[in-house]
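Enquirer: Here it is, the structure, as structure tokens.
Derivation of every value follows stated rules applied to the coordinates shown; laboratory data play no part. None of these values were measured; they are calculated from a predicted model.
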Amino acid sequence: MRRIPVVFASLFISLAFFLFACTKIDTTTLGADLIPAVDNIHTFELTLDVQSDNKLFNDTTGVLSSDDLPAGYTNDPEFGQTKADLYFDISIPVNKNYPFGTSASLVCDSVILSLSYKAAYGDTNSVPTLRVFELSQASGFSNDSLYRLNHPDFATTGSELGNRSFTPSQLHDTVTVIRKDTTKVVNVLRIPLAKSFGTRLMSYDTTFSANGGYYNDSLFKTLFRGFAIKADQVGNALTYFKVNDANTKLIVYYHGATDTSSVEFFHAQSGLTNILGVADNIKRTPGGGWNTYINNGDPQDDLLYIPVTPGSYGLLKIPQLDTLSNKVIHLAELILPKVASAGDDQFKPPAQIFLDMVNSGSDTAFTIPNDFVLSNFGYNFEQFGGFLRSYAGSLEYRFNISRHIQSILTKHAPNFDFRVYAPFETNVYYLAPGTAFNRAHVSRVNIPIVPRIAAGRVVLGGGNNSNPAQKARLRIVYSNI
């Protein structure tokens with residue numbers, strides 16, 4: 001999976017634009033930086049109605065160990081419940097090397113699973129509980145597969161290895177670890193595990209046999225498949241950890257006849273990088289308004305419920321574009337106002353959402369031609385839009401789709417439905433400037449949008465909203481031809 005980094009617009013490298021010479025109107029350059037004042041003599045303004053509908057996604061997002069991955073539970077009054085369980089494997093330090101020294105009288109003192117903390121979402125002062133189990137050898141979990149968010153739970157074996165209740169907001173605090181040498185760690189969650197688990201790891205040898213866990217990493221994984229970190233339905237926050245980080249490790253503290261020491265096991269062997277061998281299963285149980293709107297059967301909703309992956313999207317139609325006469329478009333701006341909702345104080349909206357379009361069969365998604373432009377560094381998000389910003393006191397997401405609207409009016413490009421959503425990453429067909437609406441001639445690309453899975457949700461005004469200031473709408477500034 002290739003993920004394209006998102007960068008600031010100053011790094012944006014423009015692609016060549018296609019000139020529609022036969023129409024005498026360049027649909028790739030209109031609607032740019034300078035917008036003439038609306039004087040109703042030469043320049044006019046109109047607003048088109050938007051039809052909006054809430055639709056569920058069949059989300060196939062896969063995760064990597066380089067992602068910030070959530071574990072925990074939330075109960076959002078507007079969007080319902082979310083439960084996230086994390087799975088990952090660990091590796092031996094070095095092949096054919098017994099890591100615990102040579103003493104014949106080794107004793108395990110304690111075992112700690114350290115998780116590298118990156119962020120939290122929800123009520124960070126609540127107290128979630130995470131429990132650690134061992135993955136079953138029959139679970140099907142592998143270190144060479146890409147797992148989706150909607151993958152079924154992986155089976156575990158044996159009793160619980162350990163658990164920890166904690167307050168996410170306190171994970172930034174320094175923790176003092178007292179052993180032979182006192183050390184301080186920060187941004188970690190340390191979960192104590194059973195000493196018997198450490199003793200078991202110490203019992204493996206370096207032979208090519210059923211007990212040869214330290215012969216190579218493949219044999220080790222036949223003895224220990226990995227960890228399942230499961231969240232209790234308590235607390236009200238998702239806590240984000242990074243698996244392939246130096247602070248994520250299993251630490252076995254032990255002593256011999258004369259000294260104390262420790263051994264650390266990481267996600268990948270020393271000097272190697274493994275971005276697989278991880279899964280994050282996220283279960284949404286819709287509640288509140290979200291549950292009502294995705295099940296109401298009304299194709300013209302007055303509200304749109306947009307949770308960050310995994311979740312749903314808003315399907316937008318603008319039928320009036322089919323009957324609008326040809327004009328010079330200076331600006332065509334899709335406006336999506338944020339509406340206040342229960343739980344806004346704890347469950348924050350995403351800073352950025354995304355807009356693309358789907359064909360008439362709703363089976364293929366395309367980027368917005370000429371307005372959305374990829375480069376080697378990302379895409380032109382400052383020009384394209386999608387940020388939550390204040391406009392005359394109203395919080396709104398806006399998208400500049402001027403060139404696309406011009407092509408509908410001038411070139412009779414298809415007036416496809418739009419799709420607004422908040423993906424962790426999206427996989428769509430990219431229509432470069434001047435590209436025809438034919439998926440046989442374009443490539444699919446992965447585009448990252450929101451930095452963390454499930455971190456964010458927002459209620460937007462739909463096209464049928466009774467409050468004009470909260471209606472989804474298309475604002476057009478134009479001149480007649």
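Enquirer: Would you mind estimating how fast the stretch 342-481 diffuses translationally, via Stokes-Einstein at 37 °C and 0.692 mPa s with the Kirkwood radius over Cα pairs, in µm²/s?
Expert: 199 µm²/s
Enquirer: Here's another thing I want to ask about it. What is the chain's relative contact order, in percent, from Cα pairs under 8 angstrom and six or more apart in sequence?
Expert: 28 percent
Enquirer: In addition: Show me, for the stretch 385-394, the HN-Hα J-couplings you get by feeding each phi into the Karplus relation (A = 6.51, B = -1.76, C = 1.60, θ = phi - 60°), rounded to Hz, glycine and proline as x.
Expert: After applying 6.51 cos²θ - 1.76 cosθ + 1.60, I find x, x, 8, 7, 9, 8, 10, 6, x, 9 Hz.
Enquirer: May I ask you to give the average projected area over all directions of the convex hull of the Cα atoms of the stretch 39-95, in nm² rounded to one decimal?
Expert: Details: hull surface 41.8 nm².
Average projection, Cα convex hull of the stretch 39-95: 10.4 nm².
Enquirer: Measure of size requested: the Rg and Dmax of the chain, with Cα atoms as the atom set and Å as the unit; please supply both.
Expert: 26.6, 94
Enquirer: Now for a separate question. Rounded to a whole number of µm²/s, how large is the Stokes-Einstein D of the stretch 187-245 at 37 °C and 0.692 mPa s, given Rh as the Kirkwood radius over C-alpha pairs? Write down the numbers at each step before the final one.
Expert: On the way: Rh = 14.2 Å.
For the chosen part, D equals 231 µm²/s.
Enquirer: Restricting to DSSP H runs of at least four residues, report the calculated mean residue ellipticity at 222 nm for the chain, -39500 (n - 2.57) per run over all residues, nearest 500 deg cm²/dmol. Intermediate results must be reported in sequence, preceding the final value.
Expert: Details: 5 runs with 37 residues, N = 481.
It lands at -2000 deg cm²/dmol.
Enquirer: Continuing with this model, one more query. Give the separation of the Cα centroids, the stretch 289-336 to the stretch 50-82, in Å.
Expert: After rounding, the separation between the Cα centres reads 19 Å.
Enquirer: While we're on this one: Out of residues 5 or more away from residue 61 or on other chains, whose amide H comes under 5 Å of its own, with H placed 1.01 Å from N in the peptide plane?
Expert: Hits under the 5 Å cutoff: 149.
Enquirer: Quick one: 3J(HN,Hα) in Hz for the stretch 253-259, Karplus 6.51/-1.76/1.60 with θ = phi - 60°, rounded, Gly and Pro as x.
Expert: Ordered by residue, 3J(HN,Hα) equals 8, 8, 9, x, 5, 10, 8 Hz.
Enquirer: While we're on this one: Sequence-distant or interchain residues sharing an amide H contact under 5 Å with residue 129, placed H: which?
Expert: Long-range HN contacts for residue 129: 232, 234.
Enquirer: Taking a 32 Å limit on the Cα-Cα distance, which of the listed pairs 317/348; 83/221; 242/317; 118/195; 55/230 fall beyond it?
Expert: Exceeds cut-off: 242/317.
Enquirer: Now, a different point. Tell me, what is the Rg over Rh of the stretch 208-322, with Rh the Kirkwood radius over Cα pairs?
Expert: Rg/Rh: 1.21.
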